[in-house]
Amino acid sequence: MAELSAMEDPRAREVNERHGDDHGVNLSRLRALAKRLKTQQDLARRLWETDDSAARLLAILVCRPKAFERDELDAMLRAARTPKVHDWLVTYVVKKSPHAEALRLAWTADPDPVVASAGWALTTERVAKKPDGLDLAGLLDVIEAEMKAAPDRLQWAMNHCLAQIGIDHPEHRPRAIAIGERLEVLKDYPTSPGCTSPFAPVWIAEMVRRQEDKAAG
């Protein structure tokens, strides 16, 4: 904890706080510290219990994802107050857990929109990597009906799923693009030069173009 405190950077904190995160640790330095510590499950649990965001990010990097029980992961997600801790927990821990599918189903149906956003993130992962058994048309039905009015983090996760369906599944691509065009979610989102817009029709078109270029090359 002392080492994490010494890594605090006021400018990093200022940038992070604009995104809803409450720590000032440079993530490259945090990853270097995690690399030095290597995997330590007991330390990870103790770091998580501090309720400090930087410590929790470090915990995620040094933990053993498959060592957590389902209820433990559920409690951790609900306690992950900030976007970065939430995203890293889902990406680096839950996606590698044997409980990922059970949690995906439970979280997607959760009334808490932040918890539900984690369920949608896991669904997007399945759309891309293990789509067998998923009702893609049914997912598009839900996105079409609910995404426009969804709170920010849930809306973002549903939009990512919409784009992923359009990118990876040509048979659903026209409908995915049409939903994006009609709902206009994230259409005016500020995008840095060289970055792809999160507006689904633009995102889908760009990723499909890259796939086609790669295949042709």
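Could you grab me the full set of residues in segment 81-112 that are of a type in the set (Lys, Arg) and in a helix (DSSP H, G or I)? 84, 95, 96, 104, listed by residue number. Would you point out the residue of segment 176-191, among those that are in a loop (DSSP other than H, G, I, E, B) and open to solvent by less than 70 Å² (accessible area, probe 1.4 Å), that is farthest from residue 142 (Cα to Cα)? Across segment 176-191, the extreme among qualifying residues is 191.
Candidates in segment 141-154 are the residues that are part of a helix (DSSP H, G or I) and buried (at least 21 other Cβ atoms within 10 Å of the Cβ); of these, the one that is nearest to the chain's Cα centre (by Cα) is 154. Check segment 113-125 and report whether any residue there is in contact (Cβ under 8 Å) with a residue 40 or more places away in the chain, open to solvent by less than 40 Å² (accessible area, probe 1.4 Å) and among the aromatic types (Phe, Trp, Tyr). Yes, that holds for at least one residue.
Selection of segment 192-209 for residues being at pLDDT 95 or above and either assigned to a helix (DSSP H, G or I) or open to solvent by 60 Å² or more (accessible area, probe 1.4 Å) (or both) yields 200, 201, 202, 203, 204, 205, 206, 207, 208, 209.
The values are calculated or read from the model by the stated rules, or taken from the named source; none is laboratory data. As the structure is a prediction and not an experimental result, all values here were calculated from the model. A quick note on method: Cβ atoms are made from the backbone with ideal geometry, for glycine too, and the neighbour counts reach across all protein chains shown. Note: accessible area is taken over every heavy atom of the protein model, side chains too, but ligands, DNA and RNA are not part of it. Shrake-Rupley method; radii C 1.70, N 1.55, O 1.52, S 1.80 Å.
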